[in-house]
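Asker: Okay, handing you the structure first.
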Amino acid sequence: MTQIQGAIDAEGRCRHWHTLVDVIANKCHTCGGWFACSLCHAELTDHDFGPMPKDELCVMCGACGRTMTYAEYSAYKCPACGHAFNPGCALHAGTYFS
């Protein structure tokens, strides 16, 4: 599985977001890295988080490693393993997706 930067557990939870449903990683369009959250990205890089186009593989499930588009992710559960995602992340969609 691709390493999720900033993660503190095996399913990609970080010190900023760590409930049972905080198991996704977002891909930065600028550097191509997968990050647990934009706060982790800010701590680990020297550039702003580059939002990914919604039609590209831009989200990864931390439970099973499935990569998905925004449309697949926005059902707030993994289409492969069924793990629930945090619906509150919709508040940050502008940070991660273009």
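Asker: Being surrounded by fewer than 18 Cβ atoms within 10 Å (Cβ to Cβ), part of a loop (DSSP other than H, G, I, E, B) and aliphatic (A, V, I, L, M) is true for just one of A93, A75. Which residue is that? Don't jump to the end; show me each part of the working.
Answerer: Working: A93 fails: part of a loop (DSSP other than H, G, I, E, B).
Every option except A75 fails the conditions.
Asker: Go through the stretch 34-66 and report how many residues are in contact (Cβ under 8 Å) with a residue 60 or more places away in the chain and not in a loop (DSSP other than H, G, I, E, B).
Answerer: Taking the stretch 34-66 as the starting set, the residues that turn out to be in contact (Cβ under 8 Å) with a residue 60 or more places away in the chain are 65.
Still in the running and not in a loop (DSSP other than H, G, I, E, B): none.
Adding up the residues that qualify gives 0.
Asker: Determine the pairs where a residue that is within 20 Å of G82 (Cβ to Cβ), located within the stretch 8-33, has a partner that is of a type in the set (D, E) with Cβ atoms under 8 Å apart, the partner being 6 or more residues away or on another chain.
Answerer: G12/D22; R13/D22; V23/E11
Asker: May I ask you to verify whether A80 is in a helix (DSSP H, G or I) and of a type outside the set (D, E)? Steps first, please.
Answerer: Values: in a helix (DSSP H, G or I): no; of a type outside the set (D, E): yes.
Spelling it out, it is not the case that A80 is in a helix (DSSP H, G or I) and of a type outside the set (D, E).
Asker: In the stretch 8-35, which residues are at pLDDT 90 or above and touching a strand residue (DSSP E or B) at 6+ places or on another chain (Cβ under 7 Å)?
Answerer: Selection gives V21, V23, I24, A25, N26, K27, C28, H29, G33, W34, F35.
Asker: Any residue that is surrounded by 18 or more Cβ atoms within 10 Å (Cβ to Cβ), closer than 15 Å to Y96 by Cβ and among the aliphatic types (A, V, I, L, M) - is there at least one of those in the stretch 3-19?
Answerer: Within the stretch 3-19, one or more residues are surrounded by 18 or more Cβ atoms within 10 Å (Cβ to Cβ), closer than 15 Å to Y96 by Cβ and among the aliphatic types (A, V, I, L, M).
Asker: Continuing with this model, one more query. Restricting attention to the stretch 20-37, and to residues there that are crowded, with 22+ Cβ neighbours inside 10 Å and aliphatic (A, V, I, L, M), which single residue is nearest to the chain's Cα centre (by Cα)?
Answerer: So the residue we want is A25.
The values are calculated or read from the model by the stated rules, or taken from the named source; none is laboratory data. Predicted model only: the values in this text are computed from it and were never measured. A quick note on method: Cβ atoms are made from the backbone with ideal geometry, for glycine too, and the neighbour counts reach across all protein chains shown.
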